[in-house]
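Please read the structure below before turning to the comments.
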Amino acid sequence: MTVTLDQIKELREATGISTMACKKALEASNGDVDAAIEALRKKGEIKSAERADRNATQGVIAIAQEGNKAAMVKLACETDFVARNDDFIAKGDEFAAKVLAEGADLDLSDEISELNIKMGEKVELPNQTVQEAPVLGTYIHSNKKIGVIIGLSGGTEEQAKSVAMQVAANNPKVISPDEVSDELIAKEREIWTEQLKNEGKPENIIGNILVGKEKKFREEGALLTQSFVMNPDETVAQYLREAKVEVMVRYALG
């Protein structure tokens, strides 16, 4: 029989499970909502919906790459025990490959619902992306909790990967200092001003001190002006020479 949107909405509100799972359950029960709920309870799917308010702070980052195109996903769960499960890790790789093939807007909610049931705890996919650039570098930390995609306008894959490792380690917020928002600088200047006043700094020198603090703050938070981890005597911009950073995406868990 044909299942109506109202029936799907009713079942979804009662159970919290995905729209597609509701549709399948209603089709199997010939539109009987109560029977669908009973069947879902027997399958354990409603239990998975009851986990929705739990925190999923563990998990894995997975990356799939083909040429100058890469996809990255953050697959989150509740415990490190599940995060280290081979099937869970394999699912992360599978989802990254699917996103690479079908695009960043790919809906994987049904697969996540199934994984939720299989793993016995809350599982979610909060982030997924596809990035392209002339030269790509990717990096996943050994514990799979941090992943980075870096795209360059030129240079080498080795440079891109080295910069990806830099981003994983130092977590820059922006690519260049001028990208730090004026709103953030304004808030920081308020804090610095109060700190300087409390330290007894004279009013006539506070302005000059703030200029220096702002410059340092912008440079420390920007990738290009950070000291390069593999050679602290040069900045990342100096290491890259003429190559420009076009893409910087970092996912992290925990």
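The values are calculated or read from the model by the stated rules, or taken from the named source; none is laboratory data. Bear in mind the structure is a predicted one, so any value in this text is a computation, not a measurement. For neighbour counting, all protein chains shown are included, and Cβ atoms are generated from backbone atoms with ideal geometry for every residue, glycine included.
Key figures
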quantity	calculated
Residue in segment 160-174 that is in a strand (DSSP E or B), in contact (Cβ under 8 Å) with a residue 12 or more places away in the chain and among the small types (Gly, Ala, Ser) present	no
GLU188, sole failed condition from (1) in a helix (DSSP H, G or I); (2) exposed (fewer than 15 other Cβ atoms within 10 Å of the Cβ)	(2)
Hits in segment 198-213 - residues which are under 23 Å from PRO177 (Cβ atoms) and out of contact with any Phe, Trp or Tyr (no Cβ under 7 Å at 6 or more places or on another chain)	ILE206, GLY207, ASN208, ILE209, VAL211, GLY212
Count of segment 141-171 residues which are touching a Lys or Arg at 6+ places or on another chain (Cβ under 8 Å) and not aliphatic (A, V, I, L, M)	5
Test: LYS213 is within 25 Å of the chain's Cα centre (by Cα), outside the structural domain of GLN65 (by TED's automatic domain parsing), surrounded by 15 or more Cβ atoms within 10 Å (Cβ to Cβ) and not in a strand (DSSP E or B)	no
Conditions (1) within 30 Å of VAL82 (Cα to Cα); (2) crowded, with 19+ Cβ neighbours inside 10 Å; number of the one not met by GLY151	(1)
